[in-house]
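Here's the structure we're looking at; comments come further down.
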Amino acid sequence: MEEQINLENESPKIINVFPINKGKRILLFLADLFICFLISLLAFNLAVFPIGYLATDYKNISENMNRAQQNINICLANNSLVYFEENDDRSDINKGMEYTFNLYIKDLLNNVKYDDVNSHDVFYKYYQSNNERYFDLYIQFDKKTNYFNINKNNQTIQIKNEYIEQLSPLLVSLDSLSDDGINIYNNMFNKFFLTYYSQMLADIGNTDLIYNSISYIDNHNVILNGNKIMDNLIIISSIISYFISIVICYILIPCINRYHKTIASMIMKINLINIHSMKILNKKQTAGFSIYRFFTNLAFIVFIPLFIINIEYIFNLMFTLYLSIASIIIILISLIFLLFNKSNQTLCDYVYQVAYISDDSLDEIFKARGYYI
């Protein structure tokens, strides 16, 4: 960029002003993004989410959900659809599922037929009035694992011989399995048993299951409604925290310091100027340019609740996930534009007709204008 300065009683001065290089421009963006993310994390965890948690009385909702889950477990257990060890916590459905699977595999290894009164085949216990669906689902879900020999016509189900050898030590103890046996056991549990069980629960959710006036559907709806409230609470808290970080990082801080810099710009000694006037953006222009940052920084919004929920849950929050994906697309487009732009501008820098320069370059402009020596 070239600036021609006209001063009274002096001949015009021409100075060369160079924008920061592409690497530094990318680093500045990432630094601003990271600082904004940290502020949003603090806002979410220290203020916004705790206030929302209290406002929605989620503690009481959570207690109702726990009671509903206990009722569901009671309903399933008393219909022989899940089994618990004698000393197990019956509110922990995961322990029940693991123990049920263990009994289920041992029955298959001992050639206990699924319709035997002592069988722990929870699928047959539920589908016994509909043998065709029972076998169809077996065949459907075993396609992913191929661990069984299933003969629908003869109505037989057996573990394939090559897996029996690896799983037979299970009849002594789970700890007796070899590494290969443990892998087969875990794969069968995760990829077959849990998949089939999920389908069974979906069918129960359509037809209901009753035990002593305890309704599976009624209690399941309590859990679904509680989860929906929590999802909305997390999403709304994330959005509010995001707005707070944007306002602090890109409006409040730039407007209270002399050259309207962000925190990262101050640390890296970089300035944002208009490429035509060669002047620092004023407060109004700085606030306007923040609209661009609002869209690019959305990339991290999905990770704001990272410390209160696990990573898998985060990616189930589709609204914030879509916002993040859209923002990442904008960032990639801007990055591609930056790589081919001679003035090292992103797409938005170009649209706003701004560029980033170092403090030294700004000093040269000021000196040429006679502001100071």
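Once fully extended, how much extra length lies between Arg67 and Gln199, figured as 0.36 nm per residue of separation less the alpha-carbon to alpha-carbon distance? Write down the numbers at each step before the final one.
Values: separation 132, 0.36 × 132 = 47.52 nm, distance 2.32 nm.
Stretched out fully, the Arg67 to Gln199 stretch lengthens by 45.2 nm.
The modelled label-to-label distance for the pair Asp359/Ile150, using points 7 Å beyond Cα in the direction of Cβ, is 7.0 nm. Labels on offer are (i) 199; (ii) 145; (iii) 137, and the one holding volume of the Cα convex hull per residue in Å³ computed from this structure is (i).
Local charge sum around Tyr185 (other residues, Cβ-Cβ under 15 Å, Lys/Arg +1, Asp/Glu -1)?
Numbers: positive: Lys106, Lys160, Lys191; negative: Glu98, Asp107, Glu162, Glu165, Asp175, Asp179, Asp180.
Combined, the nearby Lys, Arg, Asp and Glu give -4.
Can you work out the FRET efficiency for the pair Glu312 and Leu339, with r the C-beta to C-beta distance and R0 = 41 Å, to the nearest 0.05? Numbers along the way, then the final one.
Details: r = 34 Å, r/R0 = 0.84.
Calculated value: 0.75.
Please list, in order, the residues from segment 218-261 whose amide nitrogen is less than 20 Å from a point placed 7 Å along the Cα→Cβ vector of Lys24. Output list for this probe position: 258-261. Extension gain for Asn257 to Asn274 (0.36 nm times residue separation, less C-alpha to C-alpha distance): 4.3 nm. Short-range pairs are left out: with C-alpha atoms under 8 Å and at least six residues apart, the relative contact order of segment 103-157 is 19 percent.
Separation of segment 125-169 and segment 293-351, taken as the distance between their Cα centroids, equals 46 angstrom.
Between Lys160 and Asn131, residue separation times 0.36 nm minus the direct Cα-Cα distance comes to 8.3 nm. Each label point was placed 7 Å from the Cα along the Cα-to-Cβ direction; for Ile210 and Leu42 their separation is 5.7 nm. Take the chain and mark each of the GluC sites (Glu not before Pro) that is in a DSSP loop with at most 15 other Cβ atoms within 10 Å; the longest unmarked stretch, sites excluded, is 87-373. As an exercise, identify the trypsin sites (Lys or Arg not before Pro) in segment 196-262 lying in DSSP coil whose Cβ has no more than 15 other Cβ atoms within 10 Å. Sparse-neighbourhood loop trypsin sites (Lys or Arg not before Pro): Arg258. Mind pulling the angle between the C-alpha long axis of helix 22-43 and the longest principal axis of the chain? Nearest 10 degrees, somewhere in 0 to 90. Once rounded, the angle reads 60 degrees. Kindly state, to the nearest 0.05, the FRET efficiency for Ser80 paired with Lys283, given R0 = 45 Å and r defined as their beta-carbon distance. Working from the Cβ atoms, E equals 0.05.
Here, each number is a calculation from the coordinates, and none is a lab measurement. Not measured: the values here are computed from a predicted model. For neighbour counting, all protein chains shown are included, and Cβ atoms are generated from backbone atoms with ideal geometry for every residue, glycine included.
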